[in-house]
1. Do any residues in segment 130-157 that are touching a residue at least 24 places away in the same chain (Cβ under 8 Å) have Cβ atoms under 8 Å from those of residues that are part of a helix (DSSP H, G or I) and exposed (fewer than 13 other Cβ atoms within 10 Å of the Cβ), where the two are at least six apart or on different chains, and which pairs are they?
2. So, in segment 268-281, of the ones that are at pLDDT 85 or above and touching a helix residue (DSSP H, G or I) at 6+ places or on another chain (Cβ under 7 Å), which residue ends up surrounded by the most Cβ atoms within 10 Å (Cβ to Cβ)?
3. Under 6 Å between Cβ atoms, which residue pairs at least 6 apart in sequence (or on different chains) link something in segment 48-75 that is of a type in the set (Phe, Trp, Tyr) with a partner that is in a helix (DSSP H, G or I) and at pLDDT 95 or above?
4. Which of the residues that make up segment 256-272 are in a strand (DSSP E or B) and either in contact with a His (Cβ under 9 Å, 6 or more places away or on another chain) or over 12 Å from Phe285 (Cβ atoms) (or both)?
5. If I go through segment 226-280 residue by residue, how many of them are on the phi < 0 side of the Ramachandran plot and either in contact with a Gly (Cβ under 9 Å, 6 or more places away or on another chain) or touching a residue at least 60 places away in the same chain (Cβ under 8 Å) (or both)?
6. Just the residues that are of a type in the set (Lys, Arg) and in a helix (DSSP H, G or I), please, taken from segment 124-161.
7. Could you figure out which of (1) touching a strand residue (DSSP E or B) at 6+ places or on another chain (Cβ under 6 Å); (2) assigned to a helix (DSSP H, G or I); (3) surrounded by fewer than 24 Cβ atoms within 10 Å (Cβ to Cβ) isn't true of Phe38?
8. Of the conditions (1) touching a helix residue (DSSP H, G or I) at 6+ places or on another chain (Cβ under 8 Å); (2) farther than 20 Å from Ile156 by Cβ; (3) surrounded by 14 or more Cβ atoms within 10 Å (Cβ to Cβ); (4) at pLDDT 90 or above, Thr98 clears all except one; give me its number.
Amino acid sequence: MKSITVIGSANLDITRYVNEFPDSVENKVDLVGKSESFFGGKGANQALAIKKQLNISDNAKIYFLGCIGNDKNGIEVRKNLSDRDIDVSRVKISNLQTDGRFVIVCTKGKDKGKNRMVGFGECINQITPDYIKQNIDILKKSELIMIQLKMPEETIRYVIEYAYNNNKKLIVDPAPENKIDFLVKEDLLEKITFLTPNGDEAYTLKRLIEGECIDNIKNELKHKINSQDKINQIKNFLISYQNIVVTIGRHGVLYTKKEAGKISVKQKETFKDVPVDSTGAGDTFNGAFAAAIFRNESIDDAIEKGLAASSAKVLHKGAQNGVPTLSETINKIKKERYI
């Protein structure tokens with residue numbers, strides 16, 4: 001049986017819905033209703049999305065490698081993945097409390113459905129190179145590996161180098177963006193099959209390569225650049241990096257494609273769904289994209305499935321609720337793209 005391994009975080013998201021984002025963490029906000037808990041974690045979200053975007057005929061097993069606390073929440077998080085037919089037999093059980101993050105989701109006005117996430121726990125730091133080496137047999141039989149950047153830098157380096165040296169397809173979601181500088185300094189970008197940043201992450205990567213410091217980049221993103229200027233700059237940047245696929249929210253996806261011997265930048269529009277909760281949208285895109293790449297589909301088809309799946313997901317609260325199956329994704333494409 002073929003297999004895919006996802007390495008990353010798994011936790012419970014504590015979500016509080018607000019009418020508007022606070023200006024700072026000290027400011028009180030207008031809260032709507034009670035806090036709600038949902039299964040989350042970038043690694044777990046992506047593993048689930050991959051699983052749901054596979055057919056029985058794909059004959060693929062999904063392994064999840066990560067660290068989960070030895071508490072009530074940890075047991076529930078692990079069971080949630082196992083119940084969805086994701087192999088968690090190698091997950092590290094820690095004496096720490098299962099990671100939780102506070103997610104604020106805006107429900108009114110121009111920011112409807114957008115989210116801001118505050119913090120994540122210590123379990124992710126126990127995903128060490130030694131832990132990966134202890135489970136290297138899982139990676140050896142996997143045709144595709146997926147990681148994010150929350151884990152320790154030495155682990156990120158180890159996994160990227162392993163995949164590159166052993167001809168494994170590797171998809172890297174460069175979040176959080178404060179670790180993107182590590183990929184640049186360590187010359188790891190060209191060893192990744194696909195890097196899937198969002199717009200801010202792609203812009204950060206571009207400016208880091210140009211030699212700008214991270215503090216100035218954050219200031220540019222906050223004050224000095226509008227969305228269309230950012231998109232135009234990313235387009236110019238992508239000509240030199242054919243392995244980067246950039247998700248830009250309501251503007252869709254930017255990527256490069258070689259046609260008639262020439263490299264050009266393509267922009268594929270997203271679907272027109274109005275989000276209820278965008279938590280997990282990027283993870284759903286990554287999962288659907290990864291499943292298509294695993295099947296050796298074209299870059300165009302992989303991106304189209306990613307966009308359709310993530311667009312369907314944002315109609316539901318929580319990071320994992322509403323992730324569509326492959327058949328639901330295909331039906332959405334047929335119905336809404338070709339009417």
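1. Final answer for the pair search is none.
2. Applying the filter and picking the extreme gives Gly280.
3. Matching pairs, first to second residue: Tyr63/Ile138; Phe64/Ala47; Phe64/Leu81.
4. Narrowing segment 256-272 to residues in a strand (DSSP E or B): 256-259, 262-268.
Thr256, Lys257, Lys258, Glu259, Lys262, Ile263, Ser264, Val265, Lys266, Gln267 - these are the residues of segment 256-272 that are in a strand (DSSP E or B) and either in contact with a His (Cβ under 9 Å, 6 or more places away or on another chain) or over 12 Å from Phe285 (Cβ atoms) (or both).
5. Going through segment 226-280, the residues on the phi < 0 side of the Ramachandran plot turn out to be 226-248, 250-251, 253-259, 262-279.
Narrowing the set further to residues that are either in contact with a Gly (Cβ under 9 Å, 6 or more places away or on another chain) or touching a residue at least 60 places away in the same chain (Cβ under 8 Å) (or both) leaves 227, 230-231, 234, 245-248, 251, 253-254, 267-272, 274-279.
Qualifying residue count for the region: 23.
6. Step one: list which residues in segment 124-161 are of a type in the set (Lys, Arg), which gives 133, 140-141, 150, 157.
Correct list: Lys133, Lys140, Arg157.
7. Condition not satisfied by Phe38: (2).
8. (4)
The values are calculated or read from the model by the stated rules, or taken from the named source; none is laboratory data. The structure presented is a predicted model; accordingly, all values stated were derived computationally and were not measured. Virtual Cβ from ideal backbone geometry, glycine too; neighbours counted across all protein chains shown.
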